[in-house]
1. Using DSSP, restrict attention to beta bridges with both residues in the chain and report what percent are antiparallel, rounded to the nearest 5.
2. When the helices in the chain are scored as -39500 (n - 2.57) per DSSP H run of 4 or longer and the sum is shared across all residues, what 222 nm value do you end up with, to the nearest 500 deg cm²/dmol?
3. Could you identify which residue out of 194, 206, 157 has the top mean-square fluctuation in a GNM of the chain using Cα springs shorter than 10 Å?
4. Could you grab the Rg to Rh ratio for the range 11-227? Cα atoms only, Kirkwood for Rh.
5. Excluding residue 171 itself, calculate the net charge of residues whose Cβ lies under 11 Å from the Cβ of residue 171, where each Lys or Arg counts +1 and each Asp or Glu counts -1.
6. To the nearest 20 Debye, how big is the dipole of the chain about its Cα centre, given +1 on the beta carbon of each Lys and Arg and -1 on that of each Asp and Glu?
7. How large is log10 I(q)/I(0) at q = 0.21, 0.22 Å⁻¹ when the Debye formula is applied to the Cα atoms of the range 145-210, each weighted equally and without solvent?
8. Counting only chymotrypsin sites (Phe, Trp or Tyr not before Pro) that are in a DSSP loop and have at most 14 other C-beta atoms within 10 Å, tell me the longest site-free stretch of the chain.
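Laboratory data are not the source of any read-out in this text; all were calculated from the coordinates shown. Fair warning: this is a prediction, and the values are worked out from it, not measured in the lab. Please note: Cβ atoms are built from the backbone with ideal geometry, for glycine as well, and neighbour counts cover all protein chains shown.
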Amino acid sequence: MANAFVVPAPTVAVAGSDLRFPVHRIYCVGRNYREHVKEMGGDPAREPPIFFTKPPDAVVPSDTDVPYPPRTSNLHHEIELVVAIGHGGRDIPVSRALEHVFGYAVGNDLTRRDLQTEARTRGAPWDTAKAFDASAPITPIRRADDIGYVAHGRIWLEVNGETRQQADVAEMIWSVPEVIAELSSYFMLVPGDLIFTGTPAGVGPLVAGDHVAGGVDGIGTLQHRMVAA
Ligand code: MN
């Protein structure tokens, strides 16, 4: 039986290749840098990192305009190291986790901060705060075969040329292998999964017209302009 609709499957470019990485799921880690937990009013000693998700079609390629989303007046940037899974598995041990990594990218976990704050207060889900359309701008994926394990490297974000976020991915509370091990105890990881690994301190608002640039040294630079919807 023919499908009733043809729906384009979301993909992400693979750097230096014509191949596309098909996005299966987007997992995100929250509260994975101590200074960011503090700026959000939390206590990193008492609140371990958490997981949430975005839909696969939230991805937007770098150098593409991003529409300012509706139903918010406080959209925030969150620059993050992104891990692309190439080999699936469940209950993956930390010691084997890097064998499951296809590559790395840089992403912006765009967040309706006003809706997230309201959801936290009400004990409500984060979906409207995190999982909206075009909420996951992302660079092409660099293969781990080419660049190795990204354990260190400056992570940064500028808005209109002014530095807003700057840290090192070595400061993550859960390292990449620990994130993969923990996540795979909840979900069967499969090729095509992306994991946004959390943002450092310095998150802040974006408005229509802003030019956003951010990166992780050794991976690449993400750029996009926020435009009025
Ligand atoms: Mn985030």
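1. Once the DSSP bridges in the chain are tallied, antiparallel ones form about 85 percent.
2. After summing the helix terms and dividing by the residues of the chain, the value is -3500 deg cm²/dmol.
3. Comparing 194, 206, 157 in the GNM, the peak value goes to 206.
4. Rounded to two decimals, Rg over Rh is 0.93.
5. 0
6. So the dipole magnitude of the chain works out to roughly 420 debye.
7. -0.99, -1.02
8. Answer from the scan: 6-148.
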